[in-house]
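J.: Have a look at this one before I ask anything.
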Amino acid sequence: MIARVTIIGANRQFDQPFDYRVPPDLEAGIEPGQIVTVPFGRRRAPAKGYVVSVSHKAASSELKTIQAILTGRPVVTAEHLRLAVEMRKRYFCSFSQALDCMVPPRISLVGQKTERAARLVDPDDVMDRLEFGQFRSQGHIRVAELLLQQPLLPLAELKAAAEVSDSVLRTLAKNKVIEIVVQDTVRDRDVPDDVLPYEAPPLRPAQQAALRAIRDAVMTPANGVLREFLLHGITGSGKTEVYLQLADRVLADGKSVIILVPEIALTPQMERRIRGRFGLDVAILHSRLTLTERYETWQQISRGDAHIVVGARSAIFAPLTNIGLIVLDEEHESTYKSSLKPRYHAADIARLRCLLHDAVLLLGSATPSLESYKRTVDGRSVLLSLPERIGQAGRPRMHLIDMKAVQKGGAAAIISEPLQHAIRAALERSEQVMILNNRRGHDRLTICRACGQAVTCGSCEVALIRHVNIHSKTRDKRLLCHHCDRIYPLPDVCPACGEAALEQMGYGTQLVEETVRSLFPETGIVRMDQDTTYGRGSHKTVLAEFADGRARILIGTQMIAKGHDFPNTTVVGILSADQLLNGDDFRQTERGFALMLQASGRAGRGERPGDVFIQAYNTEDKTLADVLAHDTKRFMRREAAYRKRLQYPPFGHIGMVLFSGFGESETKKAADYFQRLLLEARVRFPEYGDLQVLPVAPAPFRKLRNRYRYRLIVKGQDARRMTAWLAMVDDTAPRGSVSRALDLDPQSML
Ligand SMILES: [Zn+2]
Ligand SMILES: [Zn+2]
Ligand SMILES: [Zn+2]
């Protein structure tokens with residue numbers, strides 16, 4: 001008996017299955033999709049690999065022998081193996097990288113009885129260091145704070161929760177801040193299983209029509225034709241109820257369902273609601289699960305103990321069989337595209353799986369992406385609309401505040417007078433307020449009045465942002481780099497010219513919070529941004545304070561606009577609208593539009609009408625007019641015309657190769673060389689003749705974390721050919737000290 005095995009972690013050079021002999025004692029138990037250990041190359045320790053196929057041919061005597069089967073049940077299915085083949089073609093990754101991104105991380109560790117964990121060497125010392133600002137990196141601070149909350153954390157979990165790399169933990173261990181211990185792999189605490197009992201509310205006519213159209217499609221086999229719907233429902237129009245009732249029907253029909261939602265919407269509140277509705281038949285995958293919980297949930301789905309899966313992006317790979325329906329809620333969210341290799345988009349994987357299962361794809365959004373909208377225009381997807389809100393509140397009243405007319409300095413420059421009045425009135429009526437300012441930190445820039453230079457990070461060419469040290473009793477401020485997490489003391493004089501003329505400009509969420517506190521000193525106020533919400537649970541406590549009314553004003557970045565339902569909120573303030581709409585990225589306007597519309601949708605739900613105040617300098621901006629009129633179609637038409645002119649997605653495809661290296665000239669040289677290979681390949685293979693190569697240029701962030709960054713952009717109409725062309729050159733180009741990342745239709749061009 002022979003098994004073909006793909007080695008986990010093999011680079012593209014060894015990215016192919018290898019044949020192994022199956023010893024007699026393993027013959028009965030071996031199946032494709034299992035993880036096995038095999039001898040490989042010169043490595044002394046056995047390698048792990050996925051069994052790709054098994055055949056009954058006799059093994060020749062030269063073949064090496066499989067040593068052990070690590071997983072009783074297969075961890076990936078035949079379908080995953082097919083998806084991996086397709087992903088390898090599309091996303092510039094190896095076969096095992098594709099499989100690794102599908103399964104929970106713990107799976108490749110199976111068989112290990114111990115794991116490494118970290119704890120603080122001296123918690124008192126760490127508290128002092130925090131208070132006196134002695135850490136030099138925000139990443140170090142996050143690790144310290146997490147270990148103060150939870151004294152012993154497995155390394156993998158700590159890294160994920162604190163968003164730091166191995167090298168951060170190594171540095172902290174070297175400096176005797178943390179110590180690494182080996183512990184037995186522990187089973188984690190159970191998820192609390194209190195649920196909210198649920199009763200399906202009656203549907204309105206528009207919801208019923210949408211439900212019927214999609215259900216009919218699910219019930220009718222299509223044999224190889226993709227059925228796709230775009231549900232465009234304004235905030236509060238009851239999209240979720242359509243998903244849930246559809247899921248009910250599909251489950252009753254004996255099929256299974258995947259519902260993807262953005263990570264940020266997977267709140268405990270939502271979890272309880274879904275559990276109340278589907279009981280034990282639902283598996284929920286989100287980042288608050290520990291690695292062990294993830295692994296066990298995956299096994300539960302794979303055993304067939306759950307038929308509906310709700311989760312963030314990677315839940316698209318859930319090992320369900322007989323799928324009838326896949327839903328992507330808030331399909332416009334950029335988090336559906338992975339920013340790490342393989343850089344897949346969940347909607348593309350969903351389309352592949354729908355074809356394999358003869359299932360229906362449903363995309364839902366209040367502000368559909370231009371990509372999905374164009375598919376409806378092209379007849380590849382069916383547009384369904386939910387045009388009205390449930391309840392009497394109706395659309396919020398929109399107010400545009402011209403900030404050009406407002407005096408600089410003082411509270412009104414941040415919270416304008418009309419917004420202040422509205423907040424006061426809402427508080428008097430015992431209602432709540434949300435304030436969106438999509439910049440964290442205290443201010444925007446520290447700039448020198450004498451020479452005009454902004455203070456920048458030594459490792460990154462970006463301006464440093466002043467932050468309050470929340471552990472310091474005197475609320476000391478220091479400068480923080482938002483890209484490398486490095487912390488700098490506040491300089492007394494300008495580092496460039498030596499004058500004592502430094503001044504702060506602009507405002508971030510911390511200054512907004514201070515301003516609101518000074519205006520409404522008696523009111524409970526909470527802030528929610530990256531600085532207040534990393535780690536397990538902290539996000540939950542901020543939201544809980546606002547949900548139960550202890551806090552009356554919620555201030556935050558885009559996080560507050562997404563997926564939360566606070567029916568008592570009647571006033572929404574959107575600060576710095578200009579900054580939301582303008583940026584270096586071609587998707588910035590689309591994102592700004594979507595964010596402002598979502599934030600507006602938070603105002604006035606149920607019975608209460610809402611008021612939205614948008615503060616802007618460029619009050620003539622056309623996108624702003626679309627937001628005020630809630631006119632998504634008009635916005636889409638204008639945005640489509642602009643993208644079409646530039647041949648940007650969805651009217652063409654962009655391939656981006658980002659080069660980064662410690663030396664500027666070697667980085668540019670590597671990019672130039674890659675460009676030359678592309679041009680040569682285009683001459684040699686005429687099928688690539690229509691693809692364009694733009695000149696090599698520094699990325700908008702030219703230097704980050706001490707690495708220089710250059711980008712190469714290619715454009716064309718055919719994604720498949722463009723990918724093949726880039727992959728061919730990528731496989732032949734030398735790999736040196738300059739690294740490169742390839743991405744098709746990137747979400748960020750920065
Ligand atoms: Zn949330
Ligand atoms: Zn200066
Ligand atoms: Zn930096």
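The values are calculated or read from the model by the stated rules, or taken from the named source; none is laboratory data. Quick caveat, the model's predicted, so the values are computed rather than measured. Using ideal geometry, Cβ is built from the backbone for each residue, glycine included, and neighbour counts are taken over all protein chains shown. What goes into the accessible areas is simple: the full protein's heavy atoms, side chains included, and nothing from ligands, DNA or RNA. Shrake-Rupley method; radii C 1.70, N 1.55, O 1.52, S 1.80 Å.
J.: Looking only at the range 504-521, which residues are within 16 Å of ligand 2 (Cβ to nearest atom) and open to solvent by 70 Å² or more (accessible area, probe 1.4 Å)?
T.: Matches in the range 504-521: Met505 only.
J.: Let me ask something additional. Which pairs have Cβ atoms under 7 Å, sit 6 or more apart or on different chains, and link a residue in the range 661-682 that is surrounded by fewer than 18 Cβ atoms within 10 Å (Cβ to Cβ) to one that is part of a helix (DSSP H, G or I)?
T.: Leu677/Val729; Leu677/Thr732; Ala681/Tyr688; Ala681/Trp725; Ala681/Met728; Ala681/Val729
J.: When you scan the range 212-290 for strands (runs of 3 or more DSSP E) that lie fully inside it, which ones turn up with 1 or more residues that are touching a residue at least 60 places away in the same chain (Cβ under 8 Å), within 25 Å of Val542 (Cβ to Cβ) and among the polar types (S, T, N, Q)?
T.: On the way: elements: 227-233, 256-260, 282-285.
Where strands (runs of 3 or more DSSP E) fall fully within the range 212-290, none carries at least 1 residues being touching a residue at least 60 places away in the same chain (Cβ under 8 Å), within 25 Å of Val542 (Cβ to Cβ) and among the polar types (S, T, N, Q).
J.: Please tell me if Thr569 is within 15 Å of ligand 1 (Cβ to nearest atom) and under 19 Å from the mean Cα position of the chain (by Cα). Walk me through how you get there before you give the answer.
T.: On the way: within 15 Å of ligand 1 (Cβ to nearest atom): yes; under 19 Å from the mean Cα position of the chain (by Cα): no.
Here the answer is no, as Thr569 does not meet what is asked.
J.: Sticking with this one: Anything in the range 412-443 that is open to solvent by 40 Å² or more (accessible area, probe 1.4 Å) and touching a Ser or Thr at 6+ places or on another chain (Cβ under 6 Å)? List them, or say none. Give the steps one after another, and end with the answer.
T.: Going through the range 412-443, the residues open to solvent by 40 Å² or more (accessible area, probe 1.4 Å) turn out to be 417-418, 421, 424, 428-430, 438-439.
Hit for the range 412-443 is Asn438, nothing else.
J.: Looking at (1) more than 14 Å from ligand 1 (Cβ to nearest atom); (2) open to solvent by less than 40 Å² (accessible area, probe 1.4 Å), can you tell me which one Leu543 breaks?
T.: Leu543 satisfies all of (1) more than 14 Å from ligand 1 (Cβ to nearest atom); (2) open to solvent by less than 40 Å² (accessible area, probe 1.4 Å) except (1).
J.: Would you say Val462 is more than 16 Å from ligand 3 (Cβ to nearest atom) and within 23 Å of Thr557 (Cα to Cα)? Outline the logic, then answer.
T.: Details: more than 16 Å from ligand 3 (Cβ to nearest atom): no; within 23 Å of Thr557 (Cα to Cα): yes.
No.
J.: Right, here's the next one. Please tell me if Gly324 is in the same structural domain as Ser338 (by TED's automatic domain parsing) and out of contact with any helix residue (DSSP H, G or I) (no Cβ under 8 Å at 6 or more places or on another chain).
T.: Details: in the same structural domain as Ser338 (by TED's automatic domain parsing): yes; out of contact with any helix residue (DSSP H, G or I) (no Cβ under 8 Å at 6 or more places or on another chain): no.
No; evaluated as a whole, the condition is false for this residue.
J.: Kindly evaluate Val542 against the criterion of being more than 16 Å from ligand 3 (Cβ to nearest atom), at pLDDT below 95, within 24 Å of Ala161 (Cβ to Cβ) and assigned to a strand (DSSP E or B). Steps first, please.
T.: Working: more than 16 Å from ligand 3 (Cβ to nearest atom): yes; at pLDDT below 95: yes; within 24 Å of Ala161 (Cβ to Cβ): yes; assigned to a strand (DSSP E or B): no.
Taking the combined requirement at face value, the residue does not satisfy it.
J.: Counting only residues that are buried (at least 20 other Cβ atoms within 10 Å of the Cβ) and within 12 Å of ligand 3 (Cβ to nearest atom), which one in the range 465-484 is nearest to Pro698 (Cα to Cα)?
T.: Filtering the range 465-484 for residues that are buried (at least 20 other Cβ atoms within 10 Å of the Cβ) and within 12 Å of ligand 3 (Cβ to nearest atom), the one nearest to Pro698 (Cα to Cα) comes out as Cys481.
J.: Taking Leu479 as the residue in question, decide whether it is within 22 Å of Ile414 (Cα to Cα) and either among the aromatic types (Phe, Trp, Tyr) or within 14 Å of ligand 2 (Cβ to nearest atom) (or both).
T.: Numbers: within 22 Å of Ile414 (Cα to Cα): yes; either among the aromatic types (Phe, Trp, Tyr) or within 14 Å of ligand 2 (Cβ to nearest atom) (or both): no.
For Leu479, the condition - within 22 Å of Ile414 (Cα to Cα) and either among the aromatic types (Phe, Trp, Tyr) or within 14 Å of ligand 2 (Cβ to nearest atom) (or both) - is not met.
J.: Answer with yes or no whether Ala616 is more than 16 Å from ligand 2 (Cβ to nearest atom), at pLDDT 95 or above and open to solvent by 20 Å² or more (accessible area, probe 1.4 Å). Give the derivation first.
T.: Details: more than 16 Å from ligand 2 (Cβ to nearest atom): yes; at pLDDT 95 or above: yes; open to solvent by 20 Å² or more (accessible area, probe 1.4 Å): no.
Judged against the criteria, Ala616 is not a match.
J.: Looking at the range 151-174, which of the residues that are open to solvent by 60 Å² or more (accessible area, probe 1.4 Å) and touching a residue at least 40 places away in the same chain (Cβ under 8 Å) is nearest to Leu479 (Cα to Cα)?
T.: My answer is Glu163.
J.: Take the residues in the range 485-502 that are part of a loop (DSSP other than H, G, I, E, B) and under 21 Å from Phe132 (Cα atoms), then tell me which one is most open to solvent (accessible area, probe 1.4 Å).
T.: We begin by selecting, within the range 485-502, every residue part of a loop (DSSP other than H, G, I, E, B); these are 485, 489-501.
Still in the running and under 21 Å from Phe132 (Cα atoms): 485, 489-492.
Details: Asp485: 29, Pro489: 90, Leu490: 66, Pro491: 44, Asp492: 132 Å².
Out of the qualifying residues, it is Asp492.
J.: Now a separate question. Of the residues Asp476, Asp443, only one is acidic (Asp, Glu) and either within 29 Å of the chain's Cα centre (by Cα) or over 20 Å from Phe135 (Cα atoms) (or both); which?
T.: Values: Asp476 fails: either within 29 Å of the chain's Cα centre (by Cα) or over 20 Å from Phe135 (Cα atoms) (or both).
Going through Asp476, Asp443 in turn, just one is acidic (Asp, Glu) and either within 29 Å of the chain's Cα centre (by Cα) or over 20 Å from Phe135 (Cα atoms) (or both): Asp443.
J.: Of Arg353, Arg380, Arg343, which residue is part of a helix (DSSP H, G or I), of a type outside the set (Val, Ile, Thr) and surrounded by fewer than 24 Cβ atoms within 10 Å (Cβ to Cβ)?
T.: Details: Arg380 fails: part of a helix (DSSP H, G or I); Arg343 fails: part of a helix (DSSP H, G or I).
Just a single option satisfies the conditions, and that option is Arg353.
J.: Here are Ala247, Ala252: which of them is open to solvent by 30 Å² or more (accessible area, probe 1.4 Å), over 24 Å from the mean Cα position of the chain (by Cα), small (Gly, Ala, Ser) and at pLDDT 90 or above? First the steps, then the outcome.
T.: Values: Ala247 fails: open to solvent by 30 Å² or more (accessible area, probe 1.4 Å).
The match here is Ala252.
J.: Also: Step by step: first the residues of the range 31-49, then only those that are over 13 Å from Ala68 (Cα atoms) and touching a residue at least 40 places away in the same chain (Cβ under 8 Å), then the one that is surrounded by the fewest Cβ atoms within 10 Å (Cβ to Cβ). Which residue is that?
T.: Pro32
J.: If Arg449 satisfies all but one of (1) surrounded by 12 or more Cβ atoms within 10 Å (Cβ to Cβ); (2) under 26 Å from Tyr617 (Cβ atoms); (3) in contact with an Asp or Glu (Cβ under 8 Å, 6 or more places away or on another chain), what's the number of the condition it fails?
T.: Against the list (1) surrounded by 12 or more Cβ atoms within 10 Å (Cβ to Cβ); (2) under 26 Å from Tyr617 (Cβ atoms); (3) in contact with an Asp or Glu (Cβ under 8 Å, 6 or more places away or on another chain), Arg449 comes up short only on (1).
J.: Next question, about the same structure. Among the residues of the range 136-152, count how many are modelled with pLDDT of 90 or more and in a loop (DSSP other than H, G, I, E, B).
T.: Here the count works out to 0.
Listed here are the residues, each with its yes/no results for (1) under 25 Å from Arg395 (Cβ atoms); (2) among the acidic types (Asp, Glu); (3) within 16 Å of ligand 1 (Cβ to nearest atom).
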position	(1), (2), (3)
Phe229	yes, no, no
Leu244	yes, no, no
Leu260	no, no, yes
Ala265	yes, no, yes
Arg277	no, no, no
Leu280	no, no, no
Ala283	no, no, no
His286	no, no, yes
Leu291	no, no, no
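J.: Can Thr589 be described as among the hydroxyl-bearing types (Ser, Thr, Tyr) and touching a residue at least 60 places away in the same chain (Cβ under 8 Å)? Outline the logic, then answer.
T.: Details: among the hydroxyl-bearing types (Ser, Thr, Tyr): yes; touching a residue at least 60 places away in the same chain (Cβ under 8 Å): no.
Taking the combined requirement at face value, the residue does not satisfy it.
J.: Based on this model, can you work out whether Val52 counts as touching a residue at least 40 places away in the same chain (Cβ under 8 Å), assigned to a strand (DSSP E or B) and touching a Gly at 6+ places or on another chain (Cβ under 9 Å)?
T.: When the stated conditions are applied, Val52 passes them.
J.: Something else now. Here is a check on your reading of the model: is Tyr295 assigned to a helix (DSSP H, G or I) and farther than 28 Å from Leu370 by Cβ?
T.: Working: assigned to a helix (DSSP H, G or I): yes; farther than 28 Å from Leu370 by Cβ: yes.
Here the answer is yes, as Tyr295 does meet what is asked.
J.: Same structure again: Looking at (1) aliphatic (A, V, I, L, M); (2) over 22 Å from Gln299 (Cβ atoms); (3) exposed (fewer than 12 other Cβ atoms within 10 Å of the Cβ), can you tell me which one Ala28 breaks?
T.: Among (1) aliphatic (A, V, I, L, M); (2) over 22 Å from Gln299 (Cβ atoms); (3) exposed (fewer than 12 other Cβ atoms within 10 Å of the Cβ), the lone unmet condition for Ala28 is (2).
J.: Still on this structure, I have one more. Determine, yes or no, whether Phe586 is assigned by TED's automatic domain parsing to the domain that holds Asp611 and either at pLDDT 95 or above or within 16 Å of ligand 1 (Cβ to nearest atom) (or both).
T.: When the stated conditions are applied, Phe586 does not pass them.
J.: Test of understanding: among Leu99, Leu130, which residue is assigned to a helix (DSSP H, G or I), at pLDDT 85 or above, under 22 Å from the mean Cα position of the chain (by Cα) and not hydroxyl-bearing (Ser, Thr, Tyr)?
T.: Details: Leu130 fails: under 22 Å from the mean Cα position of the chain (by Cα).
Only one candidate passes the filter, namely Leu99.
J.: Looking at Arg82, Arg73, Arg119, Arg88 in this structure, which one is open to solvent by 10 Å² or more (accessible area, probe 1.4 Å) and not assigned by TED's automatic domain parsing to the domain that holds Ile35? Please lay out each step first, then the result.
T.: On the way: Arg82 fails: not assigned by TED's automatic domain parsing to the domain that holds Ile35; Arg73 fails: not assigned by TED's automatic domain parsing to the domain that holds Ile35; Arg88 fails: not assigned by TED's automatic domain parsing to the domain that holds Ile35.
Answer to the selection: Arg119.
J.: Looking only at the range 76-86, decide whether some residue is in a loop (DSSP other than H, G, I, E, B) and closer than 30 Å to Ala724 by Cβ. Break it down into steps so the answer makes sense when it comes.
T.: Filtering the range 76-86 for residues in a loop (DSSP other than H, G, I, E, B) gives 76-77.
Within this subset, residues satisfying the condition of being closer than 30 Å to Ala724 by Cβ are 76-77.
Yes: one or more hits.
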